Number of protein chains: 2
Amino acid sequence: MKIYEDNDFFIEDEKSEIPWLKIFTQKEYKELSDLPPELRLKLFELSNIVELQMRSYFAPDKINIASFANMLPRVHLHIMARYKNDSYFPQPMWGEKQRNADLKLPSFDLFYKSLQTKLQQFTS
Amino acid sequence: MKIYEDNDFFIEDEKSEIPWLKIFTQKEYKELSDLPPELRLKLFELSNIVELQMRSYFAPDKINIASFANMLPRVHLHIMARYKNDSYFPQPMWGEKQRNADLKLPSFDLFYKSLQTKLQQFTS
């Protein structure tokens, strides 16, 4: 589901037990270093806003960030809110499953709404 | 092994079959969003220099970047040069092993030397 979009970027959620968002550039690039410098700066600013809102709303034990795109070489940023009792912690979400977690987290939809407000403030 | 150091950051290699460097802040922070803005900017600039040098020297199939630090909550950046025939591709290096790779890569030591030159040019 697309939860944010502007001329340069869009943000989608990844279906998961944890809060997990992905930031894509509208134009496709293979690597972060292929982005024009101003776009790279804006990506890190968006990522920082997402991270701060995740921390404020979900109070996770740790934020995880990753840029892989090995299957389809189109660079994008994963931002994940991790909990000590989530199914993979302390492994990355791509690692070995540690347990069957049952996280009780506040509404993801309300989080997306609060994040949209913050992102629109930043880009307007 | 520490391959670079300044007042704000140091860079270490991770022993691996692939080129894999880790950028740490000298002062410890838990999350990227805890870094002062100017330090965060410098971190992304250092990461970009490492990435560009990796691409130029090793010609990898994909660059992977990650910030996890779940075991010990001290933020740092992993920068990895990935190859289609490395042991984990297309999985992240924390994922399931796919094969026993035998990569023939140019000298890591010479890469570290060329990278040191680039980083010193940037920070001086």
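The values are calculated or read from the model by the stated rules, or taken from the named source; none is laboratory data. Model, not experiment: these values are computed from the prediction. Here Cβ is always computed from backbone atoms with ideal geometry, including for glycine, and neighbour counts include all displayed protein chains. Areas reflect the complete protein model, heavy atoms only, side chains present, ligands, DNA and RNA absent. Shrake-Rupley method; radii C 1.70, N 1.55, O 1.52, S 1.80 Å.
Observations on the structure shown:
- The amide H of A:HIS76, built 1.01 Å from its N in the peptide plane, has A:PHE68 as neighbours under 5 Å, considering only residues 5 or more places off or on other chains.
- Pairs of lysines in the stretch B:47-124 whose Cα atoms sit within less than 20 Å of one another amount to 6, provided the residues are eight or more positions apart or on different chains.
- Electrostatic tally near A:PRO19: other residues with Cβ closer than 14 Å to its Cβ, Lys and Arg +1, Asp and Glu -1, net -1.
- Label-to-label distances for B:ASP102 across copies, nearest first, come out at 5.1 nm, using points 7 Å from Cα in the beta-carbon direction.
- On association of chains B and A, roughly 2900 Å² of accessible area becomes buried (total for both chains; probe 1.4 Å).
- Nearest-to-axis residue of chain A, judged by beta-carbon position, where the axis maps A onto B, in Å: A:ALA66, 2
- Stokes-Einstein D in µm²/s, Kirkwood radius over Cα pairs - the stretch A:11-124 at 4 °C with 1.567 mPa s viscosity: 86
- Loop GluC sites (Glu not before Pro), the stretch B:44-124, which have at most 13 other Cβ atoms in a 10 Å radius of their Cβ (DSSP): B:GLU96
- For the stretch A:57-124, the set of trypsin sites (Lys or Arg not before Pro) satisfying both a DSSP loop assignment and a count of at most 16 other C-beta atoms within 10 Å is given as A:ARG74, A:LYS84, A:LYS97, A:ARG99, A:LYS104.
- Across the identical copies, the label point of A:MET1 (7 Å from Cα in the Cβ direction) is separated from its matches by 5.0 nm, in order from shortest.
- Label-to-label distances for B:GLU28 across copies, nearest first, come out at 4.4 nm, using points 7 Å from Cα in the beta-carbon direction.
- Per residue accessible area of chain A, 1.4 Å probe, in Å²: 48
- Within the stretch A:1-46, trypsin sites (Lys or Arg not before Pro) in DSSP loop having at most 16 other beta-carbon neighbours inside 10 Å: A:LYS15, A:LYS27, A:LYS30
- Net charge over other residues, Cβ less than 14 angstrom from the Cβ of A:THR123 (K, R count +1; D, E count -1): -3
- Within the accessible area of the protein assembly as shown (1.4 Å probe), percent carbon and sulfur: 50
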